[in-house]
Amino acid sequence: MRVLIIIPTYNEIENLELIVDAVLSKTPETVSLLIADDNSPDGTGRRADELKASRTRLSVLHRARKEGLGPAYVAGFRYALQNGYDAVIQMDADFSHNPKFLPRMIDLLLVKDFVIGSRNVEGGGTVNWSVLRRFISWGGSVYARLVLGVPIRDFTGGFNGWRAAVLGAVGLETLESGGYAFQIEMKFRAFRKGFQHVEFPIIFEDRRVGHSKMSLKIVIEALLRLPRLRLKNIA
């Protein structure tokens with residue numbers, strides 16, 4: 001199975017080389033890595049091009065401007081479909097998604113349509129998070145599960161794997177969510193299309209360097225979208 005790992009970046013130059021080499025070292029030759037950079041002012045995109053010269057499994061997608069997490073992933077998904085990949089994995093650049101979990105996700109994609117690296121199943125969790133942040137993350141997933149009526153325990157997590165068939169069926173061109181809610185909308189659409197999923201435990205670690213791009217405002221805006229998603233009754 002040919003797998004493409006997609007890492008969207010915006011001002012991640014401090015993490016870039018470390019995460020690229022960690023991902024490539026944990027995965028076999030059938031796995032490629034795509035950096036989707038939103039024209040980072042700190043030179044992340046240029047540095048990615050430099051790394052590409054000596055890493056044959058690395059590709060770089062340069063986007064014109066910062067548009068948010070959802071559009072960056074959709075661009076990466078389209079790249080994967082156009083280049084004949086069988087599956088994609090989405091993950092962050094800041095080591096909050098530990099590359100050591102990649103082999104397990106790849107194995108699970110052989111038997112399931114989409115795979116969720118979950119903080120909220122037995123064995124999963126977070127490291128170095130405040131009580132408030134844990135509550136917001138857990139509460140967001142509980143709220144999404146109740147509003148959408150879908151038995152997914154980690155709706156808001158961003159460490160996910162998708163078979164190409166899922167990406168072709170969910171309607172990438174009609175996705176409405178650009179940020180935090182993108183993770184929720186993708187899972188909801190895939191489930192409603194009848195695709196089979198599994199959640200496996202991961203430990204989510206706070207970023208090592210740089211600054212988080214998440215805020216309470218972003219989370220609230222995302223959660224306010226959920227009733228609309230349910231009312232549209234996406235099939």
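The values are calculated or read from the model by the stated rules, or taken from the named source; none is laboratory data. What you are looking at is a predicted structure, and each value in this text was computed from that prediction instead of being measured. Each accessible area value is taken on the protein alone, full model and side chains, heavy atoms only, with ligands, DNA and RNA left out. Shrake-Rupley method; radii C 1.70, N 1.55, O 1.52, S 1.80 Å.
Below 8 Å between Cα atoms, with a sequence gap of 6+, how large is the relative contact order for the chain in percent?
RCO, the chain: 23 percent.
Could you give me the percent of Cα pairs per 10 Å distance bin for the range 92-168, shortest bin first, beginning at zero and ending with the bin that holds the maximum distance?
Computed distribution, short to long bins: 16, 47, 32, 5.
For the range 46-176, what Kirkwood radius comes out of the mean inverse Cα-Cα distance, in Å?
16.7
Heavy atoms only, 1.4 Å probe, whole protein assembly: order ARG225, ARG104 by accessible area, highest first.
Listed by decreasing accessible area, they come as ARG104, ARG225.
Going from most exposed to least, what order do VAL111, VAL20, VAL127 have by accessible area with a 1.4 Å probe?
Per-residue accessible area, sorted high to low, gives VAL111, VAL127, VAL20.
So how much accessible area does LEU146 have, in Å² to the nearest 10, using a 1.4 Å probe?
Answer for LEU146: close to 140 Å² accessible.
Heavy atoms only, probe 1.4 angstrom, no DNA, RNA or ligands counted: give me TRP129, TRP162, TRP138 ranked by accessible area, highest first.
Descending order: TRP138, TRP129, TRP162.
Over the heavy atoms of TYR143, what accessible area does a 1.4 Å probe trace out, to the nearest 10 Å²?
80
Over all pairs of distinct alpha carbons, what does the Kirkwood formula give as the hydrodynamic radius of the chain, in Å? Kindly include the intermediate steps, with their values, before the conclusion.
On the way: mean 1/r = 0.0562 Å⁻¹.
After inverting the mean inverse Cα-Cα distance, the result is 17.8 Å.
Please grab the % of Cα pairs in the range 88-132 that end up more than 18 Å from each other.
Within the range 88-132, distances greater than 18 Å cover 36 percent of Cα pairs.
VAL198 to GLU122: extension gain in nm, 0.36 nm per residue of separation minus the Cα-Cα distance?
26.1 nm
As I understand it, the value is the acute angle between the Cα axis of helix 13-26 and the longest principal axis of the Cα atoms of the chain; what does it come to in degrees, rounded to 10?
Here the helix axis deviates by roughly 90 degrees.
Let me know the Rg and Dmax you get for the range 141-194 when you use only its Cα atoms, in Å.
Cα only, the range 141-194: 10.6, 28 Å (Rg, Dmax).
If the cut-off is a Cα-Cα distance under 14 Å, which aspartates and glutamates reach LYS187, setting aside same-chain residues fewer than 8 apart in sequence?
ASP113, ASP154, GLU176, GLU199
With angles folded into 0 to 90 degrees, how steeply does helix 131-148 sit against the dominant principal axis of the chain? Use alpha carbons for both and round to 10.
The angle comes out near 60 degrees.
Can you list residues from other chains, or at least 5 along the same chain, whose modelled amide H is less than 5 Å from the amide H of THR9?
ALA36, ASP37, ASP38
Could you tell me how far the Cα centroid of the range 150-180 sits from the Cα centroid of the range 86-107, in Å?
Between the Cα centre of the range 86-107 and that of the range 150-180, the gap is 15 Å.
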